[in-house]
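J.: Before I ask anything, here is the structure I am working with.
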Amino acid sequence: MPWTSVCLNDEDVCCLEESGHRCLTYVQALREAHDMILASDPEAFVIGEGVDDAGGVFGSTLGLAETYGERVMDMPIAENGLTGVAIAAASVGMRPILVHMRADFLPMSMDQIVNHAAKWHSMTGGQVSIPLVIRSIIGRGWGSAAQHSQGLHSLFLSVPGLKIALPATPYDAKGMLLAAHADPNPVLYFEHRWLYGAKGPVPAGHYTVPLGQAVVRRSGADATVVAVSHAVPQAMQAAAALKDDGIGVEVIDPRAIAPLDMDTILASVAKTGRLVICDVACRTAGYGAELTCRLAEAAPQLLKAPVRRVSFPDLPTPASPALEAAYYPGVEDIKRAVRQTLAK
Amino acid sequence: MAKTNAIPLDELLDAMTLLRRFEEKIVEVYPQQEMKTPVHLYIGQEAIAAGVCAHLAPTDYLVTTHRSHAHCLAKGAEPERLYAEFYGRVTGCCKGMGGSMHPAFPELGITGTSAIVGGGIPHGVGTALASKLRGDGRVSAVFFGDGASEEGTFHESLNFAALKSLPVLFICENNGYATVSPLAARQPDADVAHRAAGYGIFTEQVDGNDVAAVYESAKRALAHIRRGKGPAFIEAKTYRWKGHVGPEEDWTRGGRPKAELDEWKKRCPIELLLTQLEKSGLDRAEYAAKVARLDAMLDAAIESARSAPMPPVEQMERLLFRQETH
């Protein structure tokens, strides 16, 4: 299945292109999804700092303002207020996509996301829903430091009423943005800056990837690795390397952490008995903690070894390259974690 | 009193009387402890909701606050659907999910209510942005108190509304208190309107207990908005008779001086209008008969609301997300 593949290098991409598949980068797929949404839905609009400028949010909205005019709208540096503005426009049937250059800016709008968007459908007795998509980008590297590189997706797990998407491939970037746009509920859509250049197969037409449907990226019988966002290509590289050592790793990408597709994960752990969870965020109370608890509640007997997590340490991201190198986990850490689950 | 030419004073009196009696009924039944919802009463401020909403069509949007009852009624909400909501009944406007602080009447342009102070201000700007993008000619009216003007959302909202020239009317009901904290303890300048004017917004200040003055001010402000000139802002100075929440008066708990309340009660917006109308022939006995008929209607609404069924438990999960897709 080309649509679930993760291209790890130029060779993978060439292979798919030669077999007739159209390949785009993650950022091109994002831009294409915006273009399709704006072209097909007059109620859709894109609002965010710099969405209409020369950079176009790292290229993801580049040039769209020329086609769609005021429906691609710059905004004041007022994240909470403008989230409220977008929520209310959504409450009367518009379909806004609000864009933050960094996920770190979401805490500025915590009140409107947590107290308002998430609760509106319940609180109004089901009369009004909020079809709002909030895009944000997890940064990394070049000394981005503690306020421009956080993965804050799991913060929102304890707020019922939000869907949380973390697309890892160009195919999912497009299909999940189209799904988020079509969803009548608020969707937090987390991208990763280091995925923007990744290439992969993307069909030209309209398609959606359901929010809350995991995908098995690679099959294996010995250990299950669950990974999201930029950790997915890392997990795939680790799995490829471990295969050379005769270890079969099954890589599962939940693609959304709310709703979380536990069925696919449980089916895999039932087969392997071993679980490693990879995240692009700090360790404590990440989505892996919730996943592990649900596993423990549902089927603790499946585990043959302790669960391992590969995540950022519970520390603010440092600036110095020497410290960044120590801070971020990589392919080797995932390989080590898999081996640990197989050690006994 | 402002000039009375062409001001529908009889209708404004009826509207204010409805808002007052609706809440006085709550005060009556609240001690029974069956109405299990924190009520934030509007008594004393009725001229503002009545004077502004007289100019709004059902299609216009309205954003209210935790102190929501009067705005909903003045926009046309049925008393029984509010009472039922306060009693937590499935027949309430939000099926018992919102209570007193979160009413929604989408058919009246009230798409939900925030009880976070300042939380709703950007919502009125958002509905106005929708109207501008759609060109539907609707206006949005956003009510909030003086306390909300201290929140960041107030400034973010005014800035954006002015920047985009949006069709939104901001109405600051300055009653001088946030719970029991006086304005002077919270703001360096007693006139919230000065902040709005700083954003280049068409701004007026008005006696919020003079319904004719509020009506006239709202008329000018909405004419400005409907001419496409951008947002407008009204600061209406008034006084809340009851405590921040609940049916008691604050002096009973040492929250505010009784003498201050007594002075403001002399400027009751309904009594001021009644006195004026008496000069042009209003019969107090006829008014009393009208109030009695209104009371009978409200009593029936309360009884009907109270006897309605509670919501089914499964409703909580069902309402978390909307199911159908676009």
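J.: More than 36 angstrom separation, counting every C-alpha pair in chain B; what % is that?
T.: The share of Cα pairs beyond 36 Å in chain B comes to 16 percent.
J.: In vacuo Debye scattering of segment A:2-201, one point per C-alpha: log10 I(q)/I(0) at q = 0.09, 0.15 Å⁻¹?
T.: Taken in order of the listed q values, log10 I(q)/I(0) reads -0.33, -0.90.
J.: Using the Kirkwood radius built from alpha carbon pairs, what does the Stokes-Einstein equation give as D for segment B:3-111 at 25 °C and 0.890 mPa s, in µm² per second?
T.: Translational D for this selection: 173 µm²/s.
J.: With each run of n ≥ 4 DSSP H residues scored as -39500 (n - 2.57), what mean residue ellipticity at 222 nm is computed for chain B after dividing by its residue count and rounding to the nearest 500 deg cm²/dmol?
T.: -13000 deg cm²/dmol
J.: Something else now. Check cross-link reach from A:LYS119 to the aspartates and glutamates: straight Cα distance under 18 Å, and skip same-chain residues fewer than eight apart.
T.: Result set, ordered by chain and number: A:ASP111, A:ASP183, B:GLU85, B:GLU314, B:GLU317, B:GLU324.
J.: For the cross-link pairs B:LYS164/B:LYS229; B:LYS25/B:LYS290; B:LYS242/B:LYS279, which exceed 20 Å when the distance is taken from alpha carbon to alpha carbon?
T.: B:LYS242/B:LYS279
J.: Once you place label points 7 Å from the Cα toward the Cβ at A:THR4 and A:GLU332, how far apart are they in nm?
T.: 3.2
J.: Here's a follow-up. Given the protein assembly as shown, report the % of alpha carbon pairs whose separation exceeds 38 Å.
T.: That tail contains 42 percent of the Cα-Cα pairs.
J.: What ratio of Cα Rg to 2.2 N^0.38 Å holds for segment A:115-244?
T.: 1.19
J.: Another question, if that's okay. Can you classify segment A:1-87 as rounded, prolate or oblate using the Cα gyration tensor, where a ≥ b ≥ c are the square roots of its eigenvalues, rounded means a/c under 1.5, and otherwise it's prolate if a/b beats b/c and oblate if not?
T.: In terms of gyration-tensor shape, prolate.
J.: While we're here: Given labels modelled 7 Å from the Cα in the Cβ direction, how far is it in nm from B:GLU249 to A:GLU297?
T.: Between B:GLU249 and A:GLU297, the label points sit 5.2 nm apart.
J.: Among the DSSP beta bridges whose two residues both lie in the protein assembly as shown, what percent are antiparallel, rounded to the nearest 5?
T.: Around 15 percent antiparallel, to the nearest 5.
J.: To the nearest µm²/s, what D does Stokes-Einstein give for segment B:233-326 at 10 °C and 1.306 mPa s, using the Kirkwood radius over alpha carbon pairs as Rh?
T.: Calculated translational D: 86 µm²/s.
J.: Could I ask something else about it? What are the extents of the Cα atoms of chain A along their three principal axes, in Å, largest first?
T.: 59, 48, 40
J.: Another one. What does the charge dipole of segment B:71-172 about its Cα centre add up to, to the nearest 20 debye, if the Cβ of each Lys and Arg holds +1 and the Cβ of each Asp and Glu holds -1?
T.: 340
J.: Using a cut-off of 15 Å between alpha-carbon atoms, which aspartates and glutamates can reach B:LYS258, once sequence neighbours fewer than 8 places away in the same chain are excluded?
T.: List returned: B:GLU248, B:GLU249, B:ASP250.
J.: If you average 1/r over every pair of different alpha-carbon atoms in segment A:215-341 and take one over that average, what Kirkwood value in Å do you get?
T.: Over segment A:215-341, the inverse of the mean reciprocal pair distance is 14.5 Å.
J.: Got a sec? How would A:LEU195, B:LEU13 order by Cβ neighbour count within 10 Å, fewest to most?
T.: B:LEU13, A:LEU195
J.: Now, a different point. For A:GLN147 and B:GLU263, what does the FRET efficiency come to when R0 = 41 Å and r is the distance between their Cβ atoms, rounded to the nearest 0.05?
T.: Once rounded, the FRET efficiency stands at 0.20.
J.: For chain B, give me the percentage of DSSP beta bridges that are antiparallel, rounded to the nearest 5 percent.
T.: Beta bridges within chain B, antiparallel portion: roughly 10 percent.
J.: What value, in deg cm²/dmol to 500, does the helix sum -39500 (n - 2.57) over DSSP H runs of n ≥ 4 give at 222 nm once divided by the residues of chain A?
T.: Estimated from H runs of four or more residues: -10000 deg cm²/dmol.
Every read-out reported here was derived from the displayed coordinates using simple, explicitly stated rules and does not represent laboratory data. Here the structure is a predicted model, which is why all the values come from computation and not from measurement. Note: ideal-geometry Cβ built from the backbone for every residue, glycine included; neighbour counts use all protein chains shown.
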